[in-house]
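Throughout, read-outs are computed from the coordinates displayed, never taken from laboratory work. Quick caveat: nothing in here was measured; it's all calculated off a predicted structure. Please note: Cβ atoms are built from the backbone with ideal geometry, for glycine as well, and neighbour counts cover all protein chains shown.
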Ligand SMILES: Nc1nc2c(ncn2[C@@H]2O[C@H](COP(=O)(O)OP(=O)(O)OP(=O)(O)O)[C@@H](O)[C@H]2O)c(=O)[nH]1
Ligand SMILES: [Mg+2]
């Protein structure tokens, strides 16, 4: 505990320059400290975090941002362990941001992920940062975008974001990345995989995992079926038709194909302008989201506002007042 407090106190004394210089020098310790700073929920940390982000902004945006999602157990972490080695072997510097929605419940899954990325976590060209999801909207790490920018400034040219596909989180990840990969299990129905059509529509590619051993034929069938299903979707409007692949983290099959595909997508969307467009609309959505958060914070930060709201909610519940009028009273 003591160490933690020392570290905390030290942080209070650090200047934006300490972080900015360290990050730009690719110092991982400073990068980790900076991520902790931007993740901080303390209002007092906010100006410093903003100054650091501002200071590195010119060095961000140059990475390939890839989102990887799929239901629990589909093999996301194992995929990243193997795929990540494939990328670093080609000279890439890889940052993995693993969002951990289960950490508040079980407290144990970080450890599980760490073991599943055993090799990658010892790889000098890789940096793994698990982040607790907390109670942020959409189940995504509060500040994942900021963390991504810090990693880019620290020299990582590929960012992988792992998130469990259990609902809204994948739409939020979609808002962060250039390429959105959906991992699927063969032989499990769509309902079983919790897949809403909307999620499949967001994917830039599907990969059927665990295509090895006895599972091989089922994986091939699933590939065929999903490919047919995707053909029925309306065109993406980007000139890209999302393909379906099979892969195995056990045999490494398909890993090179997935990478090839992501590069093709990057090339196409860079040439036709859709990559830039996607990032621009992501920036604007980020702005709107932050604005909404700040307004929320300012409004609910007013003394007594919660009590007044509860009072009004009770009256609305009893039918004593119409919601529109109640809103007027509260804002008034
Ligand atoms: N046969 C086979 N098993 C695999 C493969 N990839 C993952 N597994 C197994 O599937 C299980 C789940 O893998 P994970 O990588 O933890 O899955 P995940 O999607 O990250 O799971 P959560 O983080 O809990 O959502 C583990 O027992 C893996 O060993 C594969 O390619 N082939
Ligand atoms: Mg995992």
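Using per-residue counts of other Cβ atoms within 10 Å, averaged over each peptide, order 262-269, 202-209, 152-159 from highest down.
Working: 262-269: 16.1, 202-209: 24.5, 152-159: 22.4.
Those peptides, ordered most packed to least, come out 202-209, 152-159, 262-269.
Considering every Cα-Cα pair within the range 184-316, what fraction, in whole percent, is farther apart than 26 Å?
Result: 48 percent of Cα pairs exceed 26 Å.
Taking just the alpha carbons, could you work out the radius of gyration and Dmax for the range 238-332, both in angstroms?
Rg then Dmax for the range 238-332, in Å: 24.8, 66.
Mind giving me the nanometre distance, one decimal, between the label points for residue 224 and residue 268, set 7 Å out from Cα along Cα→Cβ?
Going from the residue 224 label point to the residue 268 one covers 2.4 nm.
Calculated FRET efficiency, residue 291 and residue 43, Cβ-Cβ r, R0 22 Å, to nearest 0.05?
Values: r = 17 Å, r/R0 = 0.76.
The calculated FRET efficiency here is 0.85.
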